[in-house]
């Protein structure tokens, strides 16, 4: 009977093999390095993930790493409250590596059913060695096992917390952010929004109607096994768990681009038509410019501007892939448009903002101090005022943000109307409102705000 034994090698052969084979990092180790980078730097999570996860060869490992990385970021306040409940030492005094390992272990125990409890604990202890913190192995093991023995409570000591503290713990959002949203939208809406932000963000695409139809693309994607849903907009489709959409043949062929429903609804408010001249003042990476060009049937001109040349290059690449010849990228500071740019039938000011509407996509944004938002309305108003000069008589100006902070939204546009009598509100809803706030719970879209005004004088 043949024994199931591994092939034998001499010591020399084994050493040679080990010397030529590059050891691949584990998914958990890569995630730990990525989280430590986020702790030490002010960086965007998507850029950190892209740079770190390329080291993982397996698509399965990359998917696991992405789930764990973004999960820990999203649940950071919840996880650190748990750490504080099980540690004698204050969280702020823990080594970054030890804190990171505990957060990763707790997240696996709480939210990843695919990871057995024993594996979550053992892999966390192993990480202490890989990160050069072997002496912390016993501490990590003790905290995680004590947490399991207690039934893995999501919010230890919840009965002692105020409603604000409890919402912060459950939704993993800073108390000052919870307070801001509660004051502006009420406790129940704030709760629903913050809890919804912990769920995976949906993927919406805009069909390039110059190259295909929504019906044809929907059928093609469905045949690949991708679940496709229609939306309130005919050319907008929602994809369920699509994976890497850039790998689709239809993407490479320029038959769609990725764009959230909220952004597409914003473009609809501009009411563009073929032959118009349109300005997208803060355009990069160009999604709204592409949608506008498609709505115009690639007839007219869409000037798509950004402050940074590299980002302008992204707009050009996207327009080329989609075959949109009327999109003309241009380097421009929206606060100081060049005199030679001319005037436009439609102007879109999708201004820089606090990004509170997209925290489920970029969870690090919710941890920024609310005080940092204070200077944004003046910048936003400056862009709006500068670009308003470029609107033709009877032309329409749309102001938009991806935040829910009313100081950056309604207050900016109302100030503009008060100080610019040459503009009047332009209705964009069935009930005659000139602005609209989108919440994920109502449309499934990102949180978003847009408003339209018309030059009447």
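Considering every Cα-Cα pair within segment 148-283, what fraction, in whole percent, is farther apart than 27 Å?
On the way: 4272 of 9180 pairs.
Tail of the P(r) past 27 Å holds 47 percent of the pairs.
Could you tell me how many cubic angstrom of Cα convex hull volume the chain has per residue? Write down the numbers at each step before the final one.
Working: hull volume 88.4 nm³, N = 457.
Enclosed volume per residue, from the Cα hull, is 194 Å³.
Just need the Rg to Rh number for segment 290-418, please, alpha carbons only, Kirkwood Rh. Intermediate results must be reported in sequence, preceding the final value.
Details: Rg = 15.8 Å, Rh = 16.1 Å.
Here the Rg-to-Rh quotient is 0.98.
With a 10 Å Cβ neighbour count serving as the proxy for reagent exposure, in which order, fewest first, do 279, 314 appear?
Values: 279 30, 314 16.
Listed from fewest to most nearby Cβ atoms, that is 314, 279.
What's the center-to-center distance, using Cα atoms, between segment 307-367 and segment 154-205 in Å?
Taking the Cα centre of each part, segment 307-367 and segment 154-205 sit 31 Å apart.
Pop out the Kirkwood hydrodynamic radius of segment 363-432 from its pairwise C-alpha distances, inverse of mean 1/r, in Å to one decimal.
Details: mean 1/r = 0.0730 Å⁻¹.
Value: 13.7 Å, from the Cα pair sum.
Viscosity 1.306 mPa s, temperature 10 °C: what is the translational diffusion coefficient of segment 25-149 from Stokes-Einstein with a Kirkwood Rh over Cα pairs, rounded to a whole number of µm²/s?
On the way: Rh = 14.5 Å.
The diffusion coefficient I find is 110 µm²/s.
Ranking 392, 366, 241 by Cβ neighbours within 10 Å, fewest first, what do you get?
Arranged by neighbour count, lowest to highest, 392, 366, 241 become 241, 392, 366.
So what is the calculated 222 nm ellipticity per residue for the chain, using -39500 (n - 2.57) for each DSSP H run with n of 4 or more, over all residues, to the nearest 500 deg cm²/dmol?
On the way: 19 runs with 207 residues, N = 457.
After summing the helix terms and dividing by residue count, I get -13500 deg cm²/dmol.
What fraction, in whole percent, of alpha-carbon pairs in segment 214-287 exceed 20 Å separation? Could the numbers behind the result be given before it?
Values: 1030 of 2701 pairs.
It works out to 38 percent of all Cα pairs.
So for 162, 51, fewest C-beta neighbours within 10 Å to most, what's the order? Present the calculation step by step, with values, prior to reporting the outcome.
Working: 162 9, 51 12.
With the fewest neighbours first, 162, 51 line up as 162, 51.
Where a number appears in this text, it was derived from the coordinates with a stated rule and is not lab data. Quick caveat, the model's predicted, so the values are computed rather than measured. In this analysis, Cβ positions are derived from the backbone assuming ideal geometry, glycine residues included, and neighbour counts consider all displayed protein chains.
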